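Worksheet: one structure, shown below.
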Amino acid sequence: MEARGNGLPGVRPRTAPVRFEAEVHPVVALALVAAGAGVLTWFAAGRSKRLGLTPHGGRQVRVKGSRRYRERGTEVTASAAQRLNHASSMLAASVLFDSGLEHYRGQFFNRAMYTPIIASTVTLASSLHGAGDTDPGRSHVRHAVQAMAGVTGLVGFGFHAWNVGKREGGYSWQNLFYGAPIGAPMALTLAGILGVAAERVRDADPDAPELAGLPAGGALAVATAGMLVGTTLEAGLLHFRGAFQNPAMFVPVTLPPLAAAILATAAAAEPGRPHKTAKAGMWAVSAMGVLGVAFHAYGVARMMGGWDNWRQNMIDGPPLPAPPSFSGLALGGLAALELLEHRRP
Amino acid sequence: MHPRRDLYPGYDVLTKRDSPSWNAKTRDVLAERLGIGPEKHRFLDDEEWTTLKAVCDRVVPQPADRADPIPVAALIDHKLATGEHDGYRHADLPDQGEAWRRGLAALDAEARAAYGAGFHELGAWARDELLKAAEAGTLAHPAWGDMPTAKFFSGRVLADAVKAYYAHPTAWSEIGFGGPASPRGYVRMDFDRRDPWEAAEAKPGDAGEAITQNRRVGR
Amino acid sequence: MRLSGTGNAADNPRDGTPGDDPMHAPRARNGRAPNVMRMGEWVPMRQHADEDEVDFVIVGTGAGGGTLAARLAEHGFSVVAMDAGPYWRPLEDFASDERHQSKLYWTDERIVDGDNPLQMGSNNSGKAVGGSTVHYAMVALRFRPEWFKSRTLLGYGADWPLDWREMWSYYDQVEDDLKISGPVTYPWGPKRPRYRYRAHEMNAAAKVLARGAEAMGIDWTPTPLATVSAPRGDSPPCVYRGFCVVGCSTNAKQSVLVTYLPRALAAGAEIRDLAMVGRIETKNGRATGVHYFREGRWRFQRAKNVVVAGYAIETPRLLLMSANPEFPDGLANSSGLVGKNLMVQGNQAVWGDFEEEIRSYKGPPSLAVTEHWNYEDRGKDFHGGYCYMSQGPLPTQWGSTQAGSHGLWGEALVSEMQRYNHVAGLKIVSEYLAQERNRVTLTDETDQYGLPIPRITYSWCDNDRAMNRHGLNFMGQALAAAGGRNIWEQGDDTNHLYGTARMGHDRRTSVVDGDCRSWDIPNLWVCDGSVFPTTGGVNPSLTIQAVALRTADRIKAMARGGHQRDA
């Protein structure tokens, strides 16, 4: 109300009936709920396994009578699993902030719009928990949470597809640009898939790890390559909406498919070979995801009013949380390559 | 027709003055407009002025409980005094200043002829009768000269009074207009969506939610 | 935060030069012109003395003159472009306020009469460097190809001396120069290249149009607009502030002021703001230069060629005011058609209430369009076509519409105005026919320059009225089908100006030829909407600009070939 002081004579404030504002802002409430759910997940995931002493580093030592770890486990599966959890964390975090921003824009018009916030927080907690878990052997809680995330993403995809279809013009470019982003919920599914894979890899035979009956390294490599291509399509759609006005906008539609192709080829190579190029490609994609945030921050600054107008430009400008989903997938690719490299012929 | 009501309770577009919705030029322009006092007139003489105020009260009536009524008459006088033109005038009408002077004098003369009192002394009903007659082109007092009253009413009275009224922030608040918007524009453009810096409409039976929202638009 | 080197500041503190009043003191002088994209910055400007005989002096810097100035300068000609209006810096000078921003309009007095007198001032004229593109609605539609031969192919109007395929290639160039934001595929007409930028998000008002069109079984599309949907150089993407038609304060709008004129300056053209041209001088049947008023005195600029680009009122006014013993009826007027055949377009609307909040003040006013009745000839009882668009009137404009067209005042007005956020409307741009009785003439009254003020006479013909009826009926049904209630018709509005120096194949029935060169005076050209022999059913700016680019190319080709048509 200090506006009244300077230079607006002759206007008295229209007095509104004073109401005691005790209510919590819905966004704050949502954040609290999500954080609470995340903390619960964290402890739940821990309790399921940590029945005794903590493990001794990465190498599993059976302590007689005090632990119920499974016997199996080597550094390869555990370390690859941790990588997969890193990947899943990054994707879940990307989904958390991206869906938070986009659904804030949509003002949580439908209650279902709260779902991805909670789901991705829980997934994030589970993945972070797994990332710090050097043990082999799956956590059933984490596995269940990741599977739930995968399903939630699919349901979200269905919702978004339905939302786009019922808009004026149906499945048109216009609605793909400005309707609910069809591809976005799939990022949560990808986080779930990588998280589930992490738990399964933990459980797998370290000498010949398998996923769904296939060699784990190869299966993961091909799957990750596919996910990279899918995410490229999403980035391509949005960068097409932005008319590729900056040449840098071509990077996320060219580098990831290239890296994905190399990754997929790696799956076909004989076991145990090093995959330097494929790894370099994954690191490059990973770095691109992080650099993308900086580019998007520059994009926000280029909008009218720049960062001072953040309430508009954070939402209307290039989405800051989106690019790291590429980094997440690249980490998944690195896990796959690790498994491939350590696979015994 | 819905009767006029407090549809956007607690909404004051001026609370956005220091938000990113207003730029410096807009603040200057609006400060100048808000500085025009309700009794300020330079172009019209006192007699024309009282008639003009009485006309404006009927063309764009304001709620009796409005603390600071929009100075519609003063805004019109300001336009005439500064010589802001519309860019055209009908061949039958003289220049805007001359048209207003003659028209106001003629309305006053019509009032005295029909009711024996000045236009500004008439009640609402009688004033409306005269304005309706002007609108219909049925007034014929010699004071009009060759100026067609219907064209004067639509081309000058309605045009100038309505433009003056809806150029004022109080009117923007009344109709729930977002007001100035630069550098910040709008994000949510779909049906039934509003940005947190837009007016919230009171839904029937629940003004409280709108009041809460409207007190936040300036943040 | 302001990113250094860009124009997209959060605020516009005016720490400019004291006494910098663009309405009273020219800004383009002393070898520099405003850099309109950045606050307080300048760009160098080549200047010419009045005594220099420049290749081209161009009167007017809007869609026609500004575009032409850039292309001619880029072709290597020396160019001086004059405009009667100020040289605005949008980032610093533009407020978010309808009343204040009427400073962009041509508000010098004009007399209107006829059966359907035109409203001038706001929506059909501009007095600023950049012309009315500074406040236009940015709608960038192409002509239907057949319109260039409407007499031959459609049986009404007049044929243009231009080929649609050539125009199609110039449309491409303008669309690229303005980075038009449009749909990925366009539903009507021959294939066109993809718009350079994607269409904008549609607001609720535009979705009303879409719903209505779908209910009526016709195509619709997001409107191709000259405002960017993604960054372009120093232009930030549109922030949907909704004040487009009173001037864009962000430079997202790709007006001539921020596109072609900076190019013109960079290519060596000089722009003179606050320069009102009052008379074209001729000698031995050729134009020798222009008399213009600037900085308090009348001056004379010598030129090898004069281009008049003042739009369909000021262009004939200048040609008529320049009458001299050699050309007693005004310049380029041997056909007697200068000032005649004034055309406008229908701008009727239907308005209705919606249960939902619409809030059409957000975003560019016309985000959706249907050209169905431009391309469908069956079922019409009139000649010509029309498109219609969604609308976003701001409060004073909406109040004026409710008062002037709906006839409301008093309590009826103020309560109806409270429905503002629930109103959506559909507004037509329709093709009216040319009539010689609709014309621009000079009166005895004079303006602040001492020049005779124009009289604008306009009346509808039966075909115009039949088109109005068809359009209002169809739009009313569409609006009702979209959920509109309490629908009412705004029957009186018109916009855009054309025809008062029409182009043609024959010097007896036109003022200029296909190259926009006057039949009578070989070094006198016209480059604006005045040259249109027909209006088509779309907004004019894109076509004016395409014709301007073509004219510049033709001038270059003729200069290279040493070709001189016999006068």
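The values are calculated or read from the model by the stated rules, or taken from the named source; none is laboratory data. Model, not experiment: these values are computed from the prediction. Note: ideal-geometry Cβ built from the backbone for every residue, glycine included; neighbour counts use all protein chains shown. Accessible surface areas use protein heavy atoms only, side chains included; no ligands, DNA or RNA. Shrake-Rupley method; radii C 1.70, N 1.55, O 1.52, S 1.80 Å.
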Among rounded, prolate and oblate, which fits region C:179-262 when a ≥ b ≥ c are the square roots of the eigenvalues of its C-alpha gyration tensor, a/c under 1.5 means rounded, and a/b larger than b/c means prolate?
-> oblate
Please arrange C:288, A:189 by accessible surface area, largest first, computed with a 1.4 Å probe and ligands excluded.
-> C:288, A:189
Ranking by accessible area, most exposed first, for B:4, B:42, C:455 with a 1.4 Å probe = B:42, C:455, B:4
With all protein chains present, calculate the accessible area of residue C:510 using a 1.4 Å probe and round the result to the nearest 10 Å².
-> 0
So how much accessible area does residue B:157 have, in Å² to the nearest 10, using a 1.4 Å probe?
-> 0
Residue by residue, what Karplus-based ³J(HN,Hα) values in Hz, rounded to whole numbers, does region C:345-352 have, using 6.51, -1.76 and 1.60 with θ = phi - 60° and x for Gly and Pro?
-> 10, x, 9, 5, 9, 10, 10, x
Between the alpha carbon centres of region B:130-162 and region C:377-406 the gap in Å comes to 26
With all protein chains in place and a 1.4 Å probe, residue C:202 shows an accessible area in Å² (nearest 10) of 10
Residues meeting the amide H criterion for residue C:282 (H placed from the backbone, H to H distance under 5 Å, 5 or more places apart or on another chain) are C:288
Is there a simple number for the mean count of other chain Cβ atoms within 10 Å of the Cβ of residues in C:240-247, and what is it?
-> 4
With a ≥ b ≥ c the root eigenvalues of the C-alpha gyration tensor of region B:174-219, is it rounded (a/c under 1.5), prolate (a/b larger than b/c) or oblate?
-> prolate
Using the C-alpha atoms of region A:208-345, what convex hull volume per residue, in cubic angstrom, is computed?
-> 94
Roughly how many Å² is the accessible area per residue of the protein assembly as shown, as a whole number, for a 1.4 Å probe?
-> 36
Among residues of region B:151-166, a drop of 30 Å² or more in 1.4 Å probe accessible area, assembly relative to the chain on its own, occurs for B:158, B:162, B:163, B:166
Does region B:42-174 come out rounded, prolate or oblate, given a ≥ b ≥ c as the square roots of the eigenvalues of its C-alpha gyration tensor, rounded meaning a/c under 1.5 and, failing that, prolate meaning a/b above b/c?
-> oblate
Rounded to the nearest 100 Å², what's the accessible area chains C and B bury against each other, both chains counted, probe 1.4 Å?
-> 5800
Largest first and in whole Å, give the semi-axes of region C:380-457's equivalent ellipsoid, each being the square root of 5 times a Cα gyration tensor eigenvalue.
-> 32, 24, 11
Under the rule of -39500 (n - 2.57) per DSSP H run of 4 or more residues, summed and divided by the residues of chain C, what mean residue ellipticity at 222 nm is obtained, to the nearest 500 deg cm²/dmol?
-> -6500 deg cm²/dmol
Region B:42-174: relative contact order as a whole-number percent, Cα under 8 Å and 6+ apart | 32
Those chymotrypsin sites (Phe, Trp or Tyr not before Pro) in region A:266-345 that DSSP places in a loop and that have at most 15 other beta carbons within 10 Å = none
Could you tell me what percent of the accessible area of region A:208-345 is made up of carbon and sulfur, with a 1.4 Å probe and every protein chain present?
-> 70
Once A and B are treated as a pair rather than alone, how much accessible area drops out, both sides summed, in Å² to 100, probe 1.4 Å?
-> 3000
Which pairs in the list C:207/C:253; A:166/B:16; C:127/C:191; C:149/C:304 are over 31 Å apart, alpha-carbon to alpha-carbon?
-> A:166/B:16; C:127/C:191; C:149/C:304
Helix B:24-34: inclination vs chain B longest Cα principal axis, degrees, rounded to 10, gives 40
Cα Rg, Dmax (largest Cα-Cα span) when computed across region C:32-561, Å = 21.9, 69
Between the alpha-carbon centers of region B:96-120 and region A:236-251, tell me the distance in whole angstrom.
-> 66
The set of residues whose placed amide H lies less than 5 Å from the amide H of residue C:308, leaving out same-chain residues fewer than 5 positions away, is C:59, C:525, C:526, C:527
Candidate cut points under trypsin sites (Lys or Arg not before Pro) in region C:136-223, DSSP loop plus at most 11 other Cβ atoms within 10 Å of their own Cβ, are C:191
So, by mean Cβ neighbours within 10 angstrom, what's the order for C:246-258, C:38-50 with the highest one leading?
-> C:246-258, C:38-50
Please name the residues of region A:151-199 whose accessible area, counted over protein heavy atoms with a 1.4 angstrom probe, falls by no less than 50 Å² between the chain alone and the full protein assembly.
-> A:168, A:174, A:178
For region A:72-133 and region C:150-170, distance of Cα centres in Å | 61
